[in-house]
Structures are given as C-alpha cells and as structure tokens.
Amino acid sequence: MTRSTRRQFMQDVAFGGAAGLVASGRQAAAQGSSDASPWSSRIGLELYTVRDLLAADHEGTLVKVAEIGYTETSSDSSRRPGSPG
C-alpha cells in the first residue's frame with residue numbers, strides 16, 4: 001500500500017465526491033426526473049480548485065476533469081502562470 005499525503009488524500013476525496021455527484025445527476029436525468037433543473041447540465045468546475053494539479057500536469061488534469069463529467073470550466077483570467085499571488 002502506498003502512503004499518500006494529506007493533500008493527495010483530499011484531492012482524491014474531492015475527485016471521488018465530484019464523480020459521485022455527476023454520476024447521481026446523470027442517473028436522475030436518465031430516469032427522466034421531472035424535478036431536474038434545466039441548468040443542471042451546465043454546472044462547471046472552477047479551475048482554481050485544481051490549481052496545484054494544473055501546475056503539475058495541465059493537460060492530464062483537464063482530461064480527468066472531463067472524465068468526471070464536467071463540460072464547463074471557469075478560470076480567473078487575470079492570473080497568469082508564474083504571476084505572484
């Protein structure tokens with residue numbers, strides 16, 4: 001068994017939780033849930049939440065985000081890579 005850091009554990013939990021939410025939303029949509037909001041398919045991810053992963057592997061992180069089911073993302077365009085703060 002590989003030991004992971006607290007940060008890695010929290011990232012894994014966040015990705016797992018997001019995947020669970022997406023899966024349950026898709027299941028409700030597939031069942032034709034009438035109480036589903038019309039904008040629920042447009043919920044996206046703020047890329048700030050995965051900024052450390054993006055810094056390490058930008059393309060791979062975006063692939064994982066897409067695999068989870070996110071089709072919409074948002075980023076703070078005022079911050080450029082390598083800028084302070």
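The values are calculated or read from the model by the stated rules, or taken from the named source; none is laboratory data. Not measured: the values here are computed from a predicted model. Backbone-built Cβ (ideal geometry, glycine too); neighbour counts: all protein chains shown.
Applying a threshold of 6 Å to beta carbon distances and a minimum spacing of six or more residues, or different chains, the list of pairs starting in the range 1-30 at a residue that is farther than 13 Å from Leu53 by Cα and ending at one that is outside any helix (DSSP H, G or I) and at pLDDT 75 or above reads Val22/Gly69.
In this structure, is Ala18 outside any helix (DSSP H, G or I) and at pLDDT below 75? Break it down stepwise before answering.
Numbers: outside any helix (DSSP H, G or I): no; at pLDDT below 75: yes.
For Ala18, the condition - outside any helix (DSSP H, G or I) and at pLDDT below 75 - is not met.
Residues that are modelled with pLDDT under 85, part of a loop (DSSP other than H, G, I, E, B) and loosely packed, with under 11 Cβ neighbours inside 10 Å occur in the range 39-46; there is at least one.
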